[in-house]
Amino acid sequence: MTLQKFGKLQENWSIKDTLQPVVMEEVALQVLMNMSEGVLLFNDKGKILLYNSTASQFLKLESSSRLIESITDLMPQEDHAGFYRLLLSLIKEKRMTDYFVFRTDRTDLKCKCDLILIERDSVVLLIIRDFKEIEAAPVSEKVYQQVFLKALHGLLLSDENGKIITLNKQAAALLSLDPDSCADLTIDLFKESEITLSLNNEFQKKLSPYLYSDNVQTSINQFDDRFLEVIIEPGITEDYTLTVLRDVTQMVQMMEQMNKHDTLKIVGQLAAGIAHEIRNPMTALKGFIQLLESSVKEDHSMYFGVIMSELQRIETIMTEFLMLAKPKVSSLQNVNLANIIRETADLMQAQATLYDIELSVLSSGKELELFGDRNRLKQVFINLVKNSIEAISDGGHISLYYHSDERAQYVTVKDSGCGIPADHLKKLNQPFYTTKENGTGLGLVVSFKIVEEHGGKIEVSSCKGEGSTFTVIFPFKKDE
C-alpha cells in the first residue's frame, strides 16, 4: 500500500516531506488503522481489502456469524441497487458524503459515511463518521391480534370472573364451539372436563416430559374423542387470564399403546415361564381323577364334576396365556373369512340354543378373503360370540354380519345383551380386566392382539341395557 492511495487524506495528516516513502507508507497505515472513525477499503468489485479496529467494533466484523467478503454483505438486500448507483456517481464526484444502513447480527446501524475514490488503484475508502442504532418499529395492536387469531395452538382470553372474552379459531375447533357464541362460557368448562387418566405411574413418567410445566396450572382434559393439555396462565395482564389448548391426543394414544405393549410383554413372559410347569401336573391330575371317579360312591360323584370343571377352567386360562406368549402370525395362507364366520356360527349354535338365543349369519352376498392364520382368526370370532352369549341372560339374539367396501372388510358381531358401561369400553383390551364373575380378562385381549397382528382393528360400540356391537375391520392393503 502506498501513500498515494489515500489521495486527499494527506491534508488531514501531518507528514513531513523529509520522510522516506517507505516510512511514509508505514505512518499512513498506522494513522489509518488507529483512526477513531471506522475505516474500510474496498475495490471496484466491492471486495473488502482492509478495515480498522473501529470499523470491526462498530459492524461486529470479527464476531459475525455471516460470511462477510463484500461491502454489500453488510447492507440489507434492498439497499444494494442504490449503493451501486452511488458508486457510479462517485466516479465523477471523487468524494461524497451519504447515509448508509449497515446490518449486524443483532441490529441495523444508520451511518454517516465519507466515500473517497482513489482512482489510481480503483479502490474506495469508506470512513464512518457517525452512526446510530435503528430502533425496531413498534408492533401494532393489529399485529398482536393476528398473532392471537392465527396461533398454532388454541388460545382463549378470559376476564377476572373467568368469563371467556374471545378465542381463536384453533380453540373453537378443538372445543367444537362457535367463536361468535361463547358469551355465556367460562373457563369452568375445563374443570368439568378434567379427567384422571387411568394410567399407571410408569405411564405418567413417560408422558410428563412432553407436557408443559412452568409454574402454571396444567391439566389434561377430554373433549369428545380428543385429549387436550390445558395451560392456564393467570395475570397475563392485570385483568385477563390466558388459556392455551394443545391437542395431545396422539401423544396419549401412543403412550397408552406403549403401556399396553409393556403389559402384554410381561404377561407373555410370565405365560411362557409357568405354562409348562402347570400343564404337566394338571394333565396328571385329570387322569387320576377320572380313574378315581369310577370307584367312588354315586353320592360323591358331583364333586368330580366340580373338580373337572375347575381344572378345565385352569386349562382355559393357560391356553389364553399361551396365546399372548406366542409370536406373531406365522401359519399364513389365503383364508375365506365368510367360511370362518359360518363355521363359528355352527360351532356356537348349540351353546346359543341352550340359553334360548337366536344366532344368525348375514352377509352382503360377497365372499371375504384374507391372508392370515385361519385358526387364530377363528379363535377371535369364537371369543366374540362366546362373550355375547354370556352377556344375554334370558333369551335374545346375536347376529354375525360380514361385508366389504372399497376400503376394508368388516365382520360385525351384534348382540341384545346387557351392554357395556361407557367408562368400561376403553378398558376392554387391558389384560385381566373383566366384569364377569368367572372371567379371566384375557379373551378379548387375545382377540385384539390377533386382529392387530393381521393388520386390523376391533371397534366397540355399546349402550348399557341395549346390547353391544363388535366390528372387526381388516383394511385393504394399498397393493391389493
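The values are calculated or read from the model by the stated rules, or taken from the named source; none is laboratory data. Since the structure is predicted, the reported quantities are computational estimates derived from the model, not experimental observations. Here the Cβ is made from the backbone with ideal geometry for all residues, glycine too, and neighbour counts use every protein chain on show.
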Would you pick out the residues in the range 111-151 that are of a type in the set (Val, Ile, Thr), crowded, with 17+ Cβ neighbours inside 10 Å and either at pLDDT below 85 or more than 22 Å from residue 57 (Cβ to Cβ) (or both)?
118, 123
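Every residue, every condition in (1) assigned by TED's automatic domain parsing to the domain that holds residue 462; (2) within 14 Å of residue 337 (Cβ to Cβ); (3) surrounded by fewer than 19 Cβ atoms within 10 Å (Cβ to Cβ), yes or no:
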residue	(1), (2), (3)
372	yes, yes, no
393	yes, no, yes
396	yes, no, no
401	yes, yes, yes
407	yes, no, yes
410	yes, yes, no
421	yes, no, yes
So for the range 111-132 (the condition being over 57 Å from the mean Cα position of the chain (by Cα) and hydroxyl-bearing (Ser, Thr, Tyr)), does at least one residue qualify?
yes
Would you check which residues across the range 33-51 are within 19 Å of residue 112 (Cβ to Cβ) and not hydroxyl-bearing (Ser, Thr, Tyr) and list them?
35, 37, 38, 39, 40, 41, 42
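Does residue 159 satisfy being more than 30 Å from residue 113 (Cα to Cα), at pLDDT 75 or above, more than 27 Å from the chain's Cα centre (by Cα) and of a type in the set (Asp, Glu)?
Working: more than 30 Å from residue 113 (Cα to Cα): yes; at pLDDT 75 or above: yes; more than 27 Å from the chain's Cα centre (by Cα): yes; of a type in the set (Asp, Glu): yes.
Judged against the criteria, residue 159 is a match.
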Name the pairs whose Cβ atoms lie under 6 Å apart, with the first residue in the range 105-129 and free of Cβ contacts under 8 Å to residues at least 24 places away in the same chain, the second aromatic (Phe, Trp, Tyr), and 6 or more positions between them or separate chains?
112/99; 113/100
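Tell me, please, whether a residue that is of a type in the set (Val, Ile, Thr) and modelled with pLDDT under 90 can be found in the range 390-408. Give the derivation first.
The initial filter retains those residues of the range 390-408 that are of a type in the set (Val, Ile, Thr), namely 392, 398.
Cutting the leftovers down to modelled with pLDDT under 90 gives us 392.
The answer is yes, given that some residue of the range 390-408 is of a type in the set (Val, Ile, Thr) and modelled with pLDDT under 90.
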